[in-house]
Amino acid sequence: MGQFDSALASEAFNQNPYPLYHELRQQAPVYWSEAWGCWLLTRYDDITWTLQDYRTFTSLGRLTATMELPEPLWERVAPLVRHYSQGLINVDPPDHTRMRQLVHMAFTPRAIRKMRAYIEDIVERLIDEQIERGFMDVIWDFSYPLPVTVIAEMMGIPVDDHAKFKRWSGEIVGFMATPKPMPEVLLKSQDALLAMQQYFRDIYAKRRLAPEDDLITALVRAELEGEKLSEEEMVSSCVTILIGGHETTTYLIANGVYALLQHPDQLRRLRDNPALDAAATEEFLRYEGPFQRNRRIAARDVVIGDMTIKKGQLILQFLGAANRDPSRFDQPDALDLARSPNKHLAFGYGPHFCLGAPLARLEAPVAIRALLQKLPKIRLAQDDLEWNSALFRGLKSLPIEFERA
Ligand code: HEM
């Protein structure tokens, strides 16, 4: 086992990864983890290079290449492997460019801007539902229902199905939490994936016959130089958008509220100057981003720092470590809501830069601004909070108490 492997597997790392990120960056910025069977990157410049240079660092097979399974099991998980061997997030240009342009035609900045009033209404309603109680769990009462309702409305799917989306999404991404998932985790992920695929296939069939004013219809219609998304590409894009579209934003909002509660000076600063909300959102993304472990595969032997990465090896890009790299950010461990410049990598970088960033950047400031306006005094209702160990970084729950305005 390598020098840092036991620390990487520790609960301390799960609760607070930043001290180990700093140690790795200083002592072993390109670190081979025997236990995880992959390279770990913690320097900002290495991570931007590996995100940008898709010829050297491919997305093909990034989620499945390191799975170690006996032969019969490979056959059983073939549908999962097939799904994650193609689709927007798993292919490189030029295939990726074509698919991304088609998806972007449906998921436009205009379609996103149209959601503002709707988002404001839900935010208001969710806070009002809790206001008399003087208590809420920021995650379960607020930052979870908000994005799932918004993405369901945009896609044109019944929001009442949200319990299903949550279960499926959590189970599907379950296998991505470690590079070598256990067989039972894989099979559970696959069952959920098959169910979600069928759900979208049914809606795809309906929208082809009876178009509506929603994202799925727009995906069905999107056409570029005579080319359209195939049914499989369209279903895969919907799975990515639904998964990408809710839990990440849930934790962006909750991690932001938690960071404010831990930094009363910054909380006051935002209350005194609500126009800081957009800059504050960028700082929450940098300081405690909800997605920290991105992946690429080396497409050829390549030297990073003084290490040689072999063709086919997996590289894990710790985005949260890049976002605290002192060569890029002054006082990287400090929360500074007006930080400028703030070129964090929470949404990735290069050709796969997050397609949903404009939506997250709309939802989070609206949510946090309203929360602070309607609840002038908020405090943590519990001290011993725990971070989850799932793919997306967030607390298990965030109970707060407050007085109403
Ligand atoms: C705080 C919220 C979010 C974070 C931190 C986040 C993070 C990321 C990251 C790091 C990537 C790049 C993956 C890579 O390079 O391989 C990505 C891609 C993507 N995200 Fe997000 N995301 C967020 C919200 C959303 C939302 C709201 C949606 C959709 C509604 C979304 C949809 C997507 C899609 C479709 C891609 C794939 C883009 C491509 O491969 O070209 N994300 N996201």
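Taking a point 7 angstrom from the Cα of Arg55 along the C-beta vector, which residues in the stretch 310-352 have backbone N less than 20 Å away?
Taking a point 7 Å out along Cα→Cβ of Arg55, the residues of the stretch 310-352 whose backbone N falls under 20 Å are 310-313, 349-352.
Using label points projected 7 Å from each Cα along Cα→Cβ, tell me how many nm separate Ala163 and Phe135, to one decimal.
Inter-label distance under the simple model: 2.3 nm.
Do the alpha carbons of any pairs in Lys164/Lys343; Lys188/Lys311; Lys206/Lys396; Lys114/Lys188; Lys180/Lys228; Lys206/Lys374 sit beyond 32 Å of each other, and which pairs?
Lys164/Lys343; Lys206/Lys396; Lys114/Lys188; Lys180/Lys228; Lys206/Lys374
In whole Hz and in residue order, list the ³J(HN,Hα) couplings for the stretch 270-284 that follow from phi through the Karplus curve 6.51 cos²θ - 1.76 cosθ + 1.60, θ = phi - 60°; x for Gly and Pro.
Once θ is set to phi - 60°, the couplings for the stretch 270-284 become 6, 4, 6, 9, x, 5, 6, 4, 6, 5, 4, 4, 4, 5, 5 Hz.
Provide, for q = 0.10, 0.14, 0.17 Å⁻¹, the log10 of I(q)/I(0) from a solvent-free Debye sum over equal Cα point scatterers in the stretch 85-231.
Here log10 of I(q) over I(0) equals -0.47, -0.89, -1.19.
With the Cα gyration tensor of the chain in hand, give its eigenvalues times 5 under a square root as the equivalent ellipsoid semi-axes, listed largest first in whole angstrom.
Semi-axis lengths for the chain are 31, 29, 20 Å.
Could you calculate the contour length gain from Leu194 to Cys354, that is, 0.36 nm times the residue separation minus the distance between their Cα atoms, to one decimal place in nm?
Gain on stretching Leu194 to Cys354: 55.2 nm.
What is the P(r) of the stretch 254-405, as percent of Cα-Cα pairs per 10 Å bin from 0?
10, 34, 34, 14, 6, 2, 0
Can you give the Rg/Rh ratio of the stretch 177-276, where Rg is from the C-alpha atoms and Rh is the Kirkwood radius?
My calculation of the ratio gives 1.17.
With an 8 Å cut-off on Cα pairs and a minimum separation of 6 or more residues, tell me the relative contact order of the chain in percent.
After rounding, I find 25 percent.
Distance from the Cα centre of the stretch 192-245 to that of the stretch 324-386, in angstrom?
31
Describe numerically, in nm with one decimal, the distance between label points set 7 Å from Cα along Cα→Cβ at Asn273 and at Asp202.
5.1
Where a number appears in this text, it was derived from the coordinates with a stated rule and is not lab data. Predicted model, so just to flag it, every value in this text is computed and none were measured. When we count neighbours, we look across all protein chains shown, and the Cβ atoms used for this are built from the backbone with ideal geometry, even at glycine.
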